[in-house]
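S.K.: The structure's right below; bear with me while I get my questions together.
Every read-out reported here was derived from the displayed coordinates using simple, explicitly stated rules and does not represent laboratory data. Everything quoted here is computed from the prediction, not taken from an experiment. Cβ sites come from the backbone with ideal geometry, for glycine too, and all protein chains shown count toward neighbours.
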Amino acid sequence: MTTKVMEGTHAISHAVTLSRARVIAAYPITPSSGVVELLSEMCADGRLDARFVAVESEHSALATCAGASQTGLRAFTATSSHGLAYMHEMLHWCAGARLPIVLADVNRAMGSPWNIFADQSDSLSQRDTGWIQYYCENNQEVLDTIIQAFRVAEQVLMPAMVCLDAFFLSHTSEPVAIPDQKLVDAFLPPFAPPYALAPDDPRAFGGLPSGDGYMELRARMERSMQDAVGAAETAAREYAEMFGRHHPILEEYRTEGAALLLVTSGTIAGTARAVVDARREAGEQVGMVKIRLFRPFPFAAIRAALGGAKKLAVVDRNLSFGHGGIMASEIRSALCNQPSAPIVFSYIAGLGGRDVTPAVIDDVVSATQAVERPESDTLWVGLKE
Amino acid sequence: MISIRFHGRGGQGAVIASKLLATALFREGWQVQAFPSFGAERTGAPVAAFLRADHRPITAHYQVYEPDHVFVLDPVLLQTIDVTAGLTDGGWILVNSSRRPEELELPDRFSIGTSDATAIALAHGLGSRTNPIVNTAIVGAFAALTGLVTLESVVDAIPDLVPIKPDANQAAAREAFAQALGRRAGALAGREG
């Protein structure tokens, strides 16, 4: 194992190389371009035995990955924002075709107006396409999660998206431990799908099936997504045993006896840790829960971690227009019909890369403590108007 | 925790300077984080980059607002940007300048350093007269003035960060280390810095 100071984009490139991807197809877009810049160099100089396909659009990038995956090759792509939106049709297709492609999405705001900075609305607006979704806190977790995502995706035959905040991770250099190839090979066996497109074993894929089977196929996909919860938990645990780093699908940070829990994801979770530490030092019962696995949504873990608190302060760097913070709404739905449920305060913060500092998070804690119930379903943090 | 802000112009190498210093500090056992300001990067436009270093893992991810030290890669920026914004008293302001620290007329509550990084860069063939690449030189000067990092760690980190002309960049860092000029905070008031 060696540890190097590297950007989040390059942590992804190293993870993809360690995962022995065989086909990489991409159309570069800021701030994810660094991922495929380094991968194209690695393919060119032989560090990675893979075919790098430079395509004319993101739609084609994912279509190329679909073709490769259908023939039984491990495939990867990376994108952001409008690039991910342009893949939308193929996202559905890859999930329905049960192709365990891994996609790194550098979370970037959607236009109009143009904005290249951190915002989770790009990937969260793809949450219903059938892709597993992870959200990462730091560059080490990014590298580790890409490797785990290949394993989980291939076990349940559903594609996986690994999401990280634009600039706060993609362009931030941090120490990242690069695991030994032999250990990664032991953790991630070669991709061996039960059915593959092969000339000597002809089969039809993705055609218009006769009979009435579509709904059953959808039910199978849903069962596989539910299986992915356990597969992701197992992958996280076994990864920890092999590599010494545990990234739970839902992390509980200093939650013992907490009356108020911050709930968030991505880099905001990292910044929130110091706020929780300070509040605990002041004798307050404040903790933090980090959502790492968002699809499949870990209902049981969410209920176990959050059900006992009096209040939740959910901080969303995303927005569903006309509804509110997306993670907050999913948490509310998970807590529905439970014997006791905390009051949910839903905060919108940091859209379009606006900085979420410890002071911002501390204000969220204070605002949640100050009143019994939120004065509206959605609360905006730091609006300048 | 130490935090540092780098002011420069697009193309001068402020972002690489932050990564280089981070990598050098990491070699000496620090946990580090280096990142650019989150704005559009345009050649010649004012840019900023940031660095955090600590002896504990750094979990925070937001911009640096109260730096302990500041780099200024283009002295003209002193006239257009408040490079002292949020700067801790006693912290270093290290300016790429051919002048002496006392000639810059910066407040005595800060430690002032100068390094003629442009002349050093050009002498070693780094960049062009209109766009010298001064990052390796000025990081060498920082090592000399602050003692936070050794010259050897800076020199050792250069090949990874600056794959083009690593030898010339290492020589520039060494020369700037030897020639850096500094005036400690409070020197004008006759106090120890």
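S.K.: If we count other beta carbons within 10 Å of each Cβ, what is the order of A:TYR347, A:TYR27, fewest first?
M.R.: Lowest count first: A:TYR27, A:TYR347.
S.K.: Under 9 Å from the Cβ of B:ILE2, count the other residues' Cβ atoms, weight Lys and Arg +1, Asp and Glu -1, and hand me the total.
M.R.: Result for the neighbourhood of B:ILE2: -1.
S.K.: If you find the alpha carbon centre of region A:175-227 and of region A:69-124, how far apart are they in angstrom?
M.R.: That distance is 18 Å.
S.K.: Does anything in region A:86-102 have its amide N under 16 Å from the 7 Å Cα→Cβ label point of A:ASP200, and if so which residues?
M.R.: Once the point is set 7 Å along Cα→Cβ of A:ASP200, nothing inside region A:86-102 turns out to lie under 16 Å by backbone N.
S.K.: Across peptide A:263-271, how many C-beta atoms of other chains are within 10 Å of each residue C-beta, on average?
M.R.: 2
S.K.: To continue, here is another question. Using alpha carbons only, how many degrees (0 to 90, rounded to 10) separate the axis of helix A:214-243 from the longest principal axis of chain A?
M.R.: 80 degrees
S.K.: Could you pull out every one of the lysines with an alpha carbon less than 22 Å from that of A:LYS290, ignoring same-chain neighbours closer than 8 positions?
M.R.: A:LYS310, A:LYS311
S.K.: Under the Karplus relation 6.51 cos²θ - 1.76 cosθ + 1.60, θ = phi - 60°, what is the ordered set of whole-Hz ³J(HN,Hα) values for region A:341-358, x standing for Gly and Pro?
M.R.: Using θ = phi - 60°, the values come out as 10, x, 6, 9, 9, 10, 10, 9, 9, x, 4, x, x, 4, 5, 10, 8, x Hz.
S.K.: Other chains' Cβ within 10 Å of A:138-146 residues: what's the mean?
M.R.: On the way: counts 5, 1, 1, 0, 0, 0, 0, 0, 0.
Across A:138-146, the average partner-chain Cβ count within 10 Å equals 1.
S.K.: On alpha carbon coordinates alone, what is the Rg over Rh value for region A:2-243, Rh being the Kirkwood radius?
M.R.: 0.95
S.K.: Can you give the translational diffusion coefficient of region A:76-146 in µm²/s, computed by Stokes-Einstein from the Kirkwood radius over Cα pairs at 10 °C and 1.306 mPa s? Please report the intermediate quantities before stating the final value.
M.R.: Details: Rh = 12.7 Å.
Using the Kirkwood radius from Cα pairs, D works out to 125 µm²/s.
S.K.: Could you tell me how far the Cα centroid of region B:21-68 sits from the Cα centroid of region A:327-348, in Å?
M.R.: 37 Å
S.K.: Are there trypsin sites (Lys or Arg not before Pro) in region A:240-348 that DSSP marks as loop and that have at most 14 other Cβ atoms within 10 Å, and which are they?
M.R.: Qualifying residues, ordered by number: A:ARG245, A:LYS310.
S.K.: Given q = 0.09, 0.10, 0.14, 0.18 Å⁻¹, what are the Debye log10 I(q)/I(0) values for region A:250-380, with equal point scatterers placed on the Cα positions and solvent ignored?
M.R.: -0.21, -0.27, -0.54, -0.94
S.K.: Rg and Dmax in Å for the protein assembly as shown, alpha carbons only: what are they?
M.R.: Rg then Dmax for the protein assembly as shown, in Å: 25.2, 92.
S.K.: Cα to Cα, under 24 Å, and not fewer than 8 places away if on the same chain: which lysines meet these conditions relative to A:LYS182?
M.R.: Straight-distance partners of A:LYS182: A:LYS4.
S.K.: Counting pairs of alpha carbon atoms under 8 Å apart in space and at least six apart in sequence, what relative contact order in percent does chain A give?
M.R.: Working: 788 pairs, mean separation 60.9, N = 385.
The normalised contact order for chain A reaches 16 percent.
S.K.: With every atom except the alpha carbons ignored, what do you get for Rg and Dmax of region A:244-326, in angstroms?
M.R.: 12.9, 43
S.K.: Mind checking A:273-281 for the average number of partner chain beta-carbons within 10 Å of each residue's beta-carbon? The partial results should precede the final answer.
M.R.: Details: counts 3, 2, 1, 0, 1, 0, 0, 0, 0.
Averaged over the peptide's residues, the number is 1.
S.K.: If you fit an axis through the alpha-carbon atoms of helix A:8-18 and take the longest principal axis of the Cα set of chain A, what angle between them do you get, 0 to 90°, nearest 10?
M.R.: The two axes meet at around 40 degrees.
S.K.: Give me the one-decimal nm value for the distance between modelled label points at A:SER376 and A:ALA44, 7 Å along each residue's Cα-to-Cβ direction.
M.R.: So the two model labels end up 5.2 nm from each other.
S.K.: Follow-up. What is the distance in Å between the Cα centres of region A:1-58 and region A:246-285?
M.R.: Using only Cα atoms, the two centres lie 33 Å from each other.
S.K.: Then there is this: Suppose only helical runs count, i.e. DSSP H with n ≥ 4. What mean residue ellipticity at 222 nm does that imply for chain A under -39500 (n - 2.57) per run, divided by all residues and rounded to the nearest 500 deg cm²/dmol?
M.R.: It lands at -13000 deg cm²/dmol.
S.K.: Turning to a different aspect of this structure: Check which residues have an amide H placed less than 5 Å from B:ILE93's amide H, if you skip close sequence neighbours.
M.R.: Answer set, sorted by chain and number: B:VAL70, B:SER111, B:ILE112, B:GLY113.
S.K.: A:SER123: net charge of surrounding residues, Cβ under 15 Å, Lys/Arg +1, Asp/Glu -1, itself excluded?
M.R.: -3
S.K.: Using alpha carbons only, how many degrees (0 to 90, rounded to 10) separate the axis of helix A:139-156 from the longest principal axis of chain A?
M.R.: Orientation of helix A:139-156: about 60 degrees from the principal axis.
S.K.: Quick check: net charge around A:PHE52, other residues with Cβ under 15 Å of its Cβ, Lys/Arg +1 and Asp/Glu -1?
M.R.: Every neighbour counted, the sum reads 0.
S.K.: Could I ask something else about it? Cβ neighbours within 10 Å, averaged per peptide: list A:122-134, A:188-200 in order, most packed at the top. Don't skip to the end; give the middle numbers.
M.R.: On the way: A:122-134: 22.2, A:188-200: 12.1.
For the peptides A:122-134, A:188-200, the packing ranking is A:122-134, A:188-200.
S.K.: Modelled label-to-label distance, A:ASP362 and B:ARG56, 7 Å Cα→beta-carbon offset: nm?
M.R.: Going by the 7 Å Cα→Cβ label model, 1.5 nm.
S.K.: Follow-up. Provide A:CYS65, A:CYS336, A:CYS94, A:CYS43 in ascending order of the number of other Cβ atoms located within 10 Å of each residue's Cβ, fewest first. Walk me through the numbers on the way to the answer.
M.R.: Numbers: A:CYS65 30, A:CYS336 8, A:CYS94 26, A:CYS43 20.
By the 10 Å Cβ count, ascending, the order reads A:CYS336, A:CYS43, A:CYS94, A:CYS65.
S.K.: Of the listed peptides A:351-357, A:3-9, what is their order by residue-averaged count of other C-beta atoms within 10 Å, with the highest listed first?
M.R.: A:3-9, A:351-357
S.K.: Counting DSSP beta bridges with both partners in region A:250-380, what percentage is antiparallel, nearest 5?
M.R.: About 25 percent, rounded to the nearest 5.
S.K.: Follow-up. Whole-Hz Karplus ³J(HN,Hα) for region A:253-263, in order, using 6.51 cos²θ - 1.76 cosθ + 1.60 and θ = phi - 60°, x for Gly and Pro?
M.R.: Along region A:253-263, the couplings run 10, 6, 8, 3, x, 6, 7, 10, 10, 6, 10 Hz.
S.K.: Looking at chain A only, what percent of DSSP beta bridges run antiparallel? Nearest 5 please.
M.R.: Here the share of antiparallel DSSP bridges comes out near 25 percent.
S.K.: Please list log₁₀ I(q)/I(0) at q = 0.09, 0.18 Å⁻¹ for chain B, using the Debye equation with identical point scatterers on the alpha-carbon positions.
M.R.: Per q value, in the given order, log10 I(q)/I(0) is -0.28, -1.23.
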